[in-house]
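Novice: Pasting a structure below so you can have a look.
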Amino acid sequence: MITIVLGTRPEIIKMAPVIRACRRAGAEYSILHTGQHYSYEMDRVFFEELELPAPDHNLDVGSGSHAVQTGRIMAGIEKVLAEDGSDIVLVQGDTNTVLAGALTAAKLHIPIGHVEAGLRSFDRRMPEEINRLVADHLAEYLFAPTTLAEGNLLAEGIGREKIFVSGNTVVDAVFENWGIAKKRTGLLRTSSLLPQDYFLVTAHRAENVDVKARLKELIVGLNRLHELYSVPVIFPMHPRTQKMMKEFGIAPGGIAITDPVGYLEFLELEGNARLVLTDSGGVQEEACILNVPCVTLRENTERPETVDVGGNLLAGTSADRIVAAAEKMLLVARDWKNPYGDGKAGERIVGICKDTIRKTRRE
Ligand code: UD1
Ligand code: UDP
């Protein structure tokens, strides 16, 4: 039995190909949702659009400080795993759900598979960096998306035999859904947006949006772009950022802020954008896969592959640097090769899990 732990928007999206692969392979699995994300547009919309089975368990932990949230998830997962007969626990990425899932499984002596292992920003002020480090060092099976991620793991002394370069399941998600998104959502048709004629923005990193000066400067930079290029700047805004905009009393100016949108809608917006500006991990990857130039609103990235292929540029949150980076990225040829694999990562991961379970049972 494979227990798939997830709790936030990107985990649902990136675990969806693993869930689909489990179904195709006839593997026994269960879905454990921690409830770290719970608003309809951060959670249920993805189950509906991606036609995923309802979670077998939902811990409904909700929001809280890091310790409170992690602790609640651990207590909930412990209870489920103690009764679940799990052979392997799969976690994905770098959220508090991942940290809690990995710690709890390790203490119950259940092997952990870490999907998207080996990413490093080398910036331990990011909560995500701590979560990744812990999950990688507790996992028995490390599904690294690229050889660069594999190199990071080897450099930390993790045994080569534990590492599987699987590709990133985000490629599976994009390949599986891009065609559907183009046909189904028609968001562009029903809005006044024209392909290649708008910029798409997301931002939610705590280190950006929880700091008034940084969030303000970011909004100033986006407004400068809006004026310079006379194009709509569309910003489907994460609830954390919405909350901070209100708390800091920051006005959006000419930027078009909306609630977060579903995955199919977002893919359509991404694939047709002239430029993407983001501090999201998944959005950097997707822009790269869709050959849409990206400006990353951070000083570092754990996705350097996107920069190396020429699809991404780091700009931080200073208005001047955002404008300069956008200017550069608007000139690049959109012909780079996707560094994240062939869209069969889910299948590989499930194959390895099944083999492992078979071997362990035989022993
Ligand atoms: C979390 C992850 C981050 C990931 C992001 C994906 C951690 C430490 N952070 O950040 O790595 O990139 O998810 O989106 O795990 N809120 C809602 N509704 C929701 C969820 C959150 O309103 O469904 C609001 C609440 O005010 C909450 C805030 O957003 O306090 C932050 O949520 P939280 O899950 O703590 O962190 P994220 O910023 O979402
Ligand atoms: N996304 C979405 N709707 C939105 C914004 C983003 O479906 O309004 C998707 C996006 O396509 C990507 C994922 O959410 O797959 C990224 O999640 P997020 O930025 O919250 O987290 P991160 O990847 O930074 O951990």
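Novice: Regarding segment 341-355, can at least one residue be identified that is at pLDDT below 95, surrounded by fewer than 23 Cβ atoms within 10 Å (Cβ to Cβ) and more than 16 Å from ligand 1 (Cβ to nearest atom)?
Specialist: yes
Novice: Then there is this: Examine segment 70-83 for a residue that is part of a loop (DSSP other than H, G, I, E, B) and in contact (Cβ under 8 Å) with a residue 40 or more places away in the chain, and state whether such a residue exists.
Specialist: No, segment 70-83 contains no residue that is part of a loop (DSSP other than H, G, I, E, B) and in contact (Cβ under 8 Å) with a residue 40 or more places away in the chain.
Novice: OK, next. Which of the residues belonging to segment 267-290 are within 9 Å of ligand 2 (Cβ to nearest atom), open to solvent by 10 Å² or more (accessible area, probe 1.4 Å) and touching a Lys or Arg at 6+ places or on another chain (Cβ under 9 Å)?
Specialist: SER280, GLY282 - these are the residues of segment 267-290 that are within 9 Å of ligand 2 (Cβ to nearest atom), open to solvent by 10 Å² or more (accessible area, probe 1.4 Å) and touching a Lys or Arg at 6+ places or on another chain (Cβ under 9 Å).
Novice: Please list, ordered by first then second residue, the pairs with beta carbon atoms under 6 Å, 6 or more apart or interchain, first in segment 84-106 and touching a residue at least 12 places away in the same chain (Cβ under 8 Å), second among the basic types (Lys, Arg) and within 16 Å of ligand 1 (Cβ to nearest atom).
Specialist: Here the result reads GLN92/LYS14; ASP94/ARG132, each pair linking segment 84-106 to a residue that is among the basic types (Lys, Arg) and within 16 Å of ligand 1 (Cβ to nearest atom).
Novice: Still on this structure, I have one more. Can you tell me which condition SER280 does not meet? The list is (1) of a type in the set (Ser, Thr, Tyr); (2) touching a helix residue (DSSP H, G or I) at 6+ places or on another chain (Cβ under 7 Å); (3) under 22 Å from GLY341 (Cα atoms), and all the others hold.
Specialist: (2)
Novice: Then there is this: Does segment 61-68 include one or more residues that are open to solvent by 40 Å² or more (accessible area, probe 1.4 Å) and under 22 Å from GLU347 (Cα atoms)?
Specialist: No, that holds for no residue.
Novice: Within segment 13-45, track down each residue that is farther than 21 Å from ILE2 by Cα, part of a helix (DSSP H, G or I) and open to solvent by less than 20 Å² (accessible area, probe 1.4 Å).
Specialist: Within segment 13-45, MET42, VAL45 qualify.
Novice: May I ask you to list the residues in segment 261-289 that are assigned to a loop (DSSP other than H, G, I, E, B) and in contact with a strand residue (DSSP E or B) (Cβ under 9 Å, 6 or more places away or on another chain)?
Specialist: Within segment 261-289, VAL261, ASN272, ALA273, ARG274, ASP279, SER280 meet the criteria.
Novice: Select, from ARG358, ARG334, the only residue that is among the basic types (Lys, Arg) and more than 14 Å from CYS294 (Cβ to Cβ).
Specialist: Of the residues listed, the single one that is among the basic types (Lys, Arg) and more than 14 Å from CYS294 (Cβ to Cβ) is ARG358.
Novice: Within segment 149-169, work out how many residues are touching a residue at least 40 places away in the same chain (Cβ under 8 Å) and either within 16 Å of ligand 2 (Cβ to nearest atom) or in contact with a Leu (Cβ under 9 Å, 6 or more places away or on another chain) (or both).
Specialist: Of the residues in that region, 5 qualify.
Novice: Also, I was wondering about something else. Quick check on segment 182-196. Is at least one of its residues within 20 Å of the chain's Cα centre (by Cα), over 22 Å from VAL295 (Cα atoms) and open to solvent by less than 60 Å² (accessible area, probe 1.4 Å)?
Specialist: Taking every residue of segment 182-196 in turn, none turns out to be within 20 Å of the chain's Cα centre (by Cα), over 22 Å from VAL295 (Cα atoms) and open to solvent by less than 60 Å² (accessible area, probe 1.4 Å).
Novice: When ILE250 is evaluated against the numbered criteria (1) among the aliphatic types (A, V, I, L, M); (2) over 24 Å from the mean Cα position of the chain (by Cα); (3) at pLDDT below 95, which criterion, by number, is the only one it fails?
Specialist: (3)
Novice: Here's a follow-up. When you look at PRO293, is it under 26 Å from LYS216 (Cα atoms), surrounded by 21 or more Cβ atoms within 10 Å (Cβ to Cβ) and more than 12 Å from ligand 2 (Cβ to nearest atom), yes or no?
Specialist: yes
Novice: Could you check segment 114-167 and list, in sequence order, the residues that are basic (Lys, Arg) and either assigned to a helix (DSSP H, G or I) or crowded, with 22+ Cβ neighbours inside 10 Å (or both)?
Specialist: ARG132, ARG160, LYS162, listed by residue number.
Novice: Out of VAL89, VAL98, report the one residue that is hydrophobic (A, V, I, L, M, F, W, C), outside any loop (DSSP other than H, G, I, E, B) and within 16 Å of ligand 2 (Cβ to nearest atom).
Specialist: Being hydrophobic (A, V, I, L, M, F, W, C), outside any loop (DSSP other than H, G, I, E, B) and within 16 Å of ligand 2 (Cβ to nearest atom) holds for just one of VAL89, VAL98, which is VAL98.
Novice: Between ARG184, ARG240, ARG132, which is within 16 Å of ligand 2 (Cβ to nearest atom) and at pLDDT below 95?
Specialist: ARG184
Novice: In addition: Of everything in segment 1-12 that's outside any strand (DSSP E or B) and hydrophobic (A, V, I, L, M, F, W, C), which residue is nearest to ligand 1 (Cβ to nearest atom)?
Specialist: Checking each candidate, the answer is ILE12.
The values are calculated or read from the model by the stated rules, or taken from the named source; none is laboratory data. These numbers were taken from a predicted model, which means no experiment stands behind them. Neighbour counts run over all protein chains shown; Cβ positions are idealised from the backbone, glycine included. Heads up: the accessible areas ignore ligands, DNA and RNA and are worked out on the full protein's heavy atoms, side chains in. Shrake-Rupley method; radii C 1.70, N 1.55, O 1.52, S 1.80 Å.
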